[in-house]
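Below: one structure, written as structure tokens.
The values are calculated or read from the model by the stated rules, or taken from the named source; none is laboratory data. Predicted model only: the values in this text are computed from it and were never measured. So basically every Cβ, Gly included, is an ideal-geometry build from the backbone, and we count neighbours across all protein chains shown. Heads up: the accessible areas ignore ligands, DNA and RNA and are worked out on the full protein's heavy atoms, side chains in. Shrake-Rupley method; radii C 1.70, N 1.55, O 1.52, S 1.80 Å.
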Amino acid sequence: MNELDTYYRALLELRNTTNSVRQCAMLNAAIAAADAEDDKIVVTRAKCTVDEDWICAIEEGLIHIEKAIKEERQFIRSNGEVIPIEKVKNVSKESVQHLARHGNLITHVPEDENDIVPDKLFSVERLNDYTVYENRFLYMLLCYLRDFVTLRYNKILDLTNKYDGALTMNKTVSSAKRKMTFVLDLKEERRDDRYLSNNNKAKPLIDRIDIILKTILAFLATPLMEYASKVAMLKPPITKTNVLKMDNNFKGAVKLYDFIIAYDKVGYSVENEALTISPFNDNLAAELADCSALISFITYEYGLGITSELKDRYIENESRRKLEELRKKTEQLEALSRRLKKSDVSVEEYILALEKHVRALDAECAKIEALRNEISAMKAAEREHIAKIGELTEAVDLVKQELNEEKHNHLAEKALLQKQHQSDMDALCQTHRDELRVNNERHEKELEEIRLHIGKMENDFAAQLDRERAVSQSVRDELAKKTEKYDQLYERFLLAEAIANGVRARRGEELGDFTDKESFDELEKQYNAFLRFYKKEWQKTKKKIRKNTLKIENFKKTKDDSDGLE
């Protein structure tokens, strides 16, 4: 009998005892009916839904890990050293080869030349080493799995086996000779509750997680893993050796490792369910009324210090009750003896009749037991129906999950279309950039032709200047005008180049390389030309601003004069 059954039996016996006394029953009814509006019970339970994807992946991966551990991969390490001949335990092929290459180990030859004994000999010791890279990878993977599963298993158990209940009662009972105010505010929290653990919808998956965790711990306790734990643990990223890539068992372990490393979800979801009972039903109110009356009695008992008196009275009443039971049994036996004496039935016949009656009672008890079994079967069927309802609920959740996956696929398709649209836009932009580049190249060619033409003009002017150096001042003035015009054209050309480079820079286009001396000098000329243009335009702008300012001031002055005249 567990704790719940014990308290339930004690509660039933308390109620049966108090209901048999009229005064107690009236008090309990008054307590149950008093101020029932504000009474409430609130119980909060966590509904935990465990994702099955990581459980299935680990269960499948553990099969490969078990087979990989059974392979017991190792390599043989040879340790050799030259030791005195007295300490040599066995002679191997390597010992003879080493002696053939190192004749200095033979320091003397015995009289019997057919039997040569060296002073020292090369001895080889072969040791089996299980700390190969693959075994260390298995140990690291098992440690990761242990932490991964333990974290989620403990959290799921803490959520599903936690009971959080609260009871609020505020009652006032008044009568002619008694007034009782009962205020109760109960808050209780239980962890690792056995009832919640056994009646949890996620219990099958939790049992599978428990088996997984025990399996991982069992694998870590194998001699091979204990041997691998003595060396430094591997750290990510792992090196995929030929064994990890080609061996089926280790390929399965690597697949599980990749799954665990990439898994970024919690692995479960929690939804808190709150059950509120308010107002209380008749049975609940009556049970709480019995408890309230019992608390009132305990307060009265210890408050007045009448415990010993009540105990003596209880012993006296129990003695009187037992004597009364013995008296009744004695009277029953005497009445039975008198009936036997008065009747013509013998004792044997009477006993046979009693046995027949007992058998009939046994048959009735058997029927009652059959009915109880039938009720138990119905309850089992009800539990099966509840389990089926849970399966249907899981199926509905699965459908919801599929809908979410379809939504995710739709979003992925939408993202793909957006990406394709972006790629088309990029292609169009690239085409535009190519066309712009062609136009720029054509413009560069035109500028180059202008430069060549200007150069040709400079040569012509220079030649003409050399031929007509002795010509009159009028010719020189004309040449100076042409030179000034050329400077203006060249200034405009530099200004146009500066504006063009500025436009291309604002558009984010490639401007070329200006780091060499000629290009940078040209860029500096463009910069100076633009500064001269800026200063010139700024002078014009300032004049215009002053002019506009003077007009506004004259207008205001004229208006003020006209207003004064009026």
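Between 0 and 90 degrees, the angle of helix 53-71 with respect to the longest Cα principal axis of the chain falls at about 90 degrees.
Rounded, prolate or oblate, given the Cα gyration tensor of segment 258-322, with a/c below 1.5 counting as rounded? It comes out prolate by the Cα gyration axes. Any idea what angle helix 473-506 forms with the longest principal axis of the chain, computed on alpha-carbon atoms, 0 to 90 degrees, nearest 10? Helix 473-506 sits roughly 10 degrees off the main axis of the chain.
Of the peptides 520-526, 134-140, 254-260, 395-401, the order by per-residue mean of other Cβ atoms within 10 Å, starting with the highest, comes out as 134-140, 254-260, 520-526, 395-401. For the chain, the per residue solvent-accessible surface stands at 75 Å², with DNA, RNA and ligands left out and a 1.4 Å probe.
What part of the accessible area of the chain, given as a whole %, is carbon or sulfur when the probe is 1.4 angstrom? Heavy-atom surface of the chain belonging to carbon and sulfur, 1.4 Å probe: 56 percent. Contact order, relative form, for the chain: 18 percent (alpha carbon pairs under 8 Å, 6 or more residues apart, mean separation divided by residue count).
For the pair E518 and L186, label points projected 7 Å from Cα toward Cβ lie 10.0 nm apart.
Separation of segment 139-183 from segment 189-214 is 15 Å, based on Cα centroids.
From the alpha carbon centroid of segment 446-515 to that of segment 303-335 is 136 Å. Per-residue surface analysis assigns S423 an accessible area of about 60 Å², computed on protein heavy atoms at 1.4 Å probe radius. The lysines within cross-link reach of K485, meaning a Cα-to-Cα straight distance under 16 Å and a gap of 8 or more places when in the same chain, are K456. For K251, a cut-off of 19 angstrom between C-alpha atoms picks up these lysines, skipping any fewer than 8 places away in its own chain: K67, K70, K235, K240. A cut-off under 12 angstrom between Cβ atoms defines the neighbours of F530, and their net charge, with Lys, Arg +1 and Asp, Glu -1, is +1. Estimated from helices alone, the mean residue ellipticity of the chain at 222 nm is -25000 deg cm²/dmol (sum of -39500 (n - 2.57) over DSSP H runs with n ≥ 4, per residue). Once the Cα atoms are used to define both axes, helix 517-565 deviates from the longest principal axis of the chain by about 80 degrees.
Remark: for residue pairs K482/K536; K187/K311; K47/K255; K482/K517; K155/K214, the C-alpha separation exceeds 26 Å in K187/K311; K47/K255; K482/K517. Look at (i) 68; (ii) 82; (iii) 59: the one that is percent of Cα pairs over 29 Å apart derived from this structure is (ii). By the rule of a C-alpha distance below 18 Å, with chain neighbours fewer than 8 residues away ignored, the aspartates and glutamates paired with K171 are D35, E37, D38, D39, D185, D282, E287, D290.
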